[in-house]
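The values are calculated or read from the model by the stated rules, or taken from the named source; none is laboratory data. Values in this document were obtained by computation on a predicted structure and should not be read as measured data. Positions of Cβ are generated from backbone atoms using ideal geometry, with glycine treated the same way; all protein chains shown enter the neighbour counts. Side chains are part of the model used for accessible areas, which takes the heavy atoms of the whole protein and leaves out ligands, DNA and RNA. Shrake-Rupley method; radii C 1.70, N 1.55, O 1.52, S 1.80 Å.
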Amino acid sequence: MSIDAREKLLEVAARVYAEAGYRGTTTRRIAQEAGLNEVTLFRHFGSKDALLREAIERADQQARQRLDPDAADPIAEMHRWSLATFERFYAQKNLIRQVMGDMVQRPAIAPRICDDTTHEFDQLVNFVVRQEERGLLPASDPAMREAAAAMVVHALLGNALWRDLVPDMPPPDACARLFVEVMLRALGAPTPAAIPEGARP
């Protein structure tokens with residue numbers, strides 16, 4: 001199978017799964033929409049579950065944002081990263097919802113997507129540690145640092161997953177900024193007036 005055909009199968013499998021869930025995602029439908037046949041699909045992936053696992057993981061890796069711990073303007077960097085992370089979660093909301101619904105009965109198809117927020121969590125914890133080293137944040141208790149990072153990541157994820165179902169929610173940018181502000185306050189960041197000019201939002 002060519003690389004293009006393989007990528008097409010993975011792309012179609014993730015899209016169909018996000019639309020139809022596990023039961024509605026048949027190998028026949030995936031193959032048809034990819035313009036290939038089922039024999040080719042099974043020859044290269046072996047099973048529907050193996051294809052879905054790789055397709056979900058591939059989709060989860062796309063558009064992932066990097067948080068630069070040495071940014072000249074760390075608050076602006078946190079705002080940028082938080083909004084971009086929200087946008088990634090929002091773009092994948094249907095896929096994430098399907099995986100969450102299927103995890104109990106079929107945990108093998110979702111090896112990382114539901115717990116892969118650890119990538120964002122680790123980035124945020126490391127970012128905070130670096131700002132403490134730079135003297136931009138006071139030294140904090142590791143448990144508080146981790147709790148604050150978890151709060152932001154899960155707030156972004158929850159906001160993305162349920163935004164369409166909750167009326168009158170503030171715009172994503174406002175929510176992302178608020179989550180960052182709450183985190184900074186929890187970690188004892190200086191008040192905005194005391195933050196150096198280049199570090200203000």
Calculate one ³J(HN,Hα) per residue across the range 132-146 by plugging θ = phi - 60° into the Karplus curve 6.51 cos²θ - 1.76 cosθ + 1.60, and present them in order as whole Hz with x for glycine and proline.
5, 4, 7, x, 8, 10, x, 4, 10, 5, x, 5, 5, 4, 5
Only residues of the range 137-158 count here: report those whose backbone N is under 17 Å from the spot 7 Å along Cα→Cβ of Met100, or say none.
150-158
Using only Cα atoms, find the angle between the long axis of helix 93-102 and the longest principal axis of the chain, and express it within 0 to 90 degrees, rounded to the nearest 10.
70
At 7 Å along Cα-to-Cβ for each site, give me the label-to-label distance between Glu38 and Gln61 in nm.
2.9
What translational D, rounded to a whole number of µm²/s, comes out for the chain from Stokes-Einstein when the hydrodynamic radius is the Kirkwood one over Cα pairs, at 4 °C and 1.567 mPa s?
70
Testing the spin-label approximation: label points 7 Å from Cα along Cα→Cβ at Asp73 and Leu136. State their distance in nm.
1.1
Cβ-defined net charge surrounding Arg130, 12 Å radius [Lys, Arg +1; Asp, Glu -1]
-3
Using only alpha carbon pairs under 8 Å that are at least six residues apart, calculate the relative contact order of the chain and give it in whole percent.
25
Whole number in Å², please: accessible area per residue of the chain, 1.4 Å probe, ligands, DNA and RNA not counted.
51
Could you look at the chain and say what percent of its accessible area is carbon and sulfur, using a 1.4 Å probe and all protein chains?
55
